[in-house]
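The values are calculated or read from the model by the stated rules, or taken from the named source; none is laboratory data. In this text the structure is predicted, and so the values were computed from the model without any measurement. Using ideal geometry, Cβ is built from the backbone for each residue, glycine included, and neighbour counts are taken over all protein chains shown.
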Ligand code: ATP
Ligand code: MG
């Protein structure tokens, strides 16, 4: 991608009404645009990151046997009456059409997936079923001031598993815990993300959260460093010992919940009469679990954890590009070298953003490269051309070094 064609331009100032680092940096660097509190447009750079996160999640969910579907955001009130959540869910967007018919904008999809499965499941032979979607959710978040961490419209991966018995469900749930750990490791927040025990509320006995430690977090967790496990502050009153080692040696940290999984009680299966006939012909409720990840929230968390005072430091797997190629001299002979390198990198299928602009100073190009945060910065200048070399620097390292084009292609 040529930076001369990329829109929009980066901004020197952070927007005044954004206080979180993720929103400030992502807006300044041109990844997202704010439409209103908690609602953002993903611009070309941001869209690339979001798609990388989406692909990691999709790969892992398909690897777990999940089949991808897409459910509607516009949902009939009747389904929400059936579960009682039309009345009880505080953050539900309730809308009315011109004939006074009422709808919900889906904040989650149990109300859709359960009645759908009711149409398709009748026998134990129809189970298990693993389905997921990556789809926009709507929630009336009243304190949407953490940038991508808390949207009012936001992309979520929601996965639902349906089983004939608890053993099968529990076995699958344990497998999903490992898959979740892999997702967060691949996205670049593995080190900061803790498997966290939390209270469950009405639908489940307890839930397991994946909490990423960051000052921007809205939750408080108590971490057992020995086991790399945490307990959510909400249950810390009752559960003051590590569920794994039994010790009570905790470190208290602020964190954001990037993922949440829980085993459901019979709540939704009862509401929608989701039953199956077992081998002996007995009717039983289907046993279920739900698994969520917020994609935008994860992207925001990646930025919260990976930045410095100059800008974002993208982990390689989710970076918008792998190389940021900077041309620092407009002389044709030198520009030709950079153009040629750009073509060679593209041929080698290496994603590259090429700062080919001829009206921007070297200082500005460096500052923008740091702000945007692409993992490798490669410079073509008069100095490098004279030595028939390139200058390469990793975003998270201080020193640049000279290498040949051949070495670069091999290295990246
Ligand atoms: P929170 O306590 O932070 O409001 P939640 O318990 O309401 O989260 P879930 O209903 O479990 O969240 O949703 C599943 C996942 O969706 C969460 O783990 C999180 O990653 C993401 N998520 C939830 N609410 C938002 C939001 N407002 N903006 C962005 N992502 C969200
Ligand atoms: Mg919530």
Task: residue 88, sole failed condition from (1) within 16 Å of ligand 2 (Cβ to nearest atom); (2) free of Cβ contacts under 8 Å to residues at least 60 places away in the same chain; (3) in contact with a strand residue (DSSP E or B) (Cβ under 7 Å, 6 or more places away or on another chain) - done: (3)
Task: Any hit, the stretch 98-106, residues being outside the structural domain of residue 374 (by TED's automatic domain parsing), touching a residue at least 40 places away in the same chain (Cβ under 8 Å) and either out of contact with any strand residue (DSSP E or B) (no Cβ under 9 Å at 6 or more places or on another chain) or buried (at least 18 other Cβ atoms within 10 Å of the Cβ) (or both) - done: no
Task: Boolean, residue 343 is free of Cβ contacts under 8 Å to residues at least 40 places away in the same chain and on the phi > 0 side of the Ramachandran plot - done: no
TODO: Select, from 46, 65, the only residue that is touching a strand residue (DSSP E or B) at 6+ places or on another chain (Cβ under 7 Å) and within 30 Å of residue 128 (Cβ to Cβ).
DONE: 65
Task: Counted residues, the stretch 178-205 - those being over 13 Å from residue 257 (Cβ atoms), more than 13 Å from ligand 1 (Cβ to nearest atom) and not in a loop (DSSP other than H, G, I, E, B) - done: 6
Open item on the list: Is it the case, given these coordinates, that residue 249 is part of a loop (DSSP other than H, G, I, E, B), away from ligand 2 (no atom under 16 Å from the Cβ), in contact with a strand residue (DSSP E or B) (Cβ under 8 Å, 6 or more places away or on another chain) and in the same structural domain as residue 186 (by TED's automatic domain parsing)?
Closed with: yes
Open item on the list: For the structure I just gave you, tell me whether residue 317 is under 23 Å from residue 134 (Cβ atoms), under 13 Å from the mean Cα position of the chain (by Cα) and surrounded by fewer than 21 Cβ atoms within 10 Å (Cβ to Cβ).
Closed with: yes
Task: Which listed residue is modelled with pLDDT of 95 or more and assigned by TED's automatic domain parsing to the domain that holds residue 86, from 206, 124 - done: 124
TODO: Six or more apart or on different chains, Cβ under 6 Å: which pairs go from a residue in the stretch 137-148 that's over 25 Å from residue 111 (Cβ atoms) and touching a residue at least 12 places away in the same chain (Cβ under 8 Å) to one that's near ligand 1 (Cβ under 9 Å from one of its atoms) and not in a loop (DSSP other than H, G, I, E, B)? Could you list them?
DONE: 147/300; 148/296; 148/300
- [ ] Being over 16 Å from the mean Cα position of the chain (by Cα), more than 11 Å from ligand 1 (Cβ to nearest atom) and closer than 27 Å to residue 54 by Cβ is the filter here, so list the residues in the stretch 206-229 that pass it.
- [x] 215, 221, 228
- [ ] Just need a number here: residues in the stretch 105-152 that are in a helix (DSSP H, G or I), within 16 Å of ligand 2 (Cβ to nearest atom) and under 23 Å from residue 173 (Cβ atoms).
- [x] 1
Open item on the list: Please determine whether any residue of the stretch 374-388 is surrounded by 15 or more Cβ atoms within 10 Å (Cβ to Cβ), outside any strand (DSSP E or B) and within 30 Å of the chain's Cα centre (by Cα).
Closed with: yes
Open item on the list: Can you confirm whether residue 46 is within 16 Å of ligand 2 (Cβ to nearest atom) and either modelled with pLDDT under 95 or closer than 30 Å to residue 312 by Cα (or both)?
Closed with: no
Task: Given (1) over 30 Å from residue 372 (Cβ atoms); (2) out of contact with any strand residue (DSSP E or B) (no Cβ under 7 Å at 6 or more places or on another chain); (3) within 15 Å of ligand 1 (Cβ to nearest atom), index of the condition residue 115 fails - done: (3)
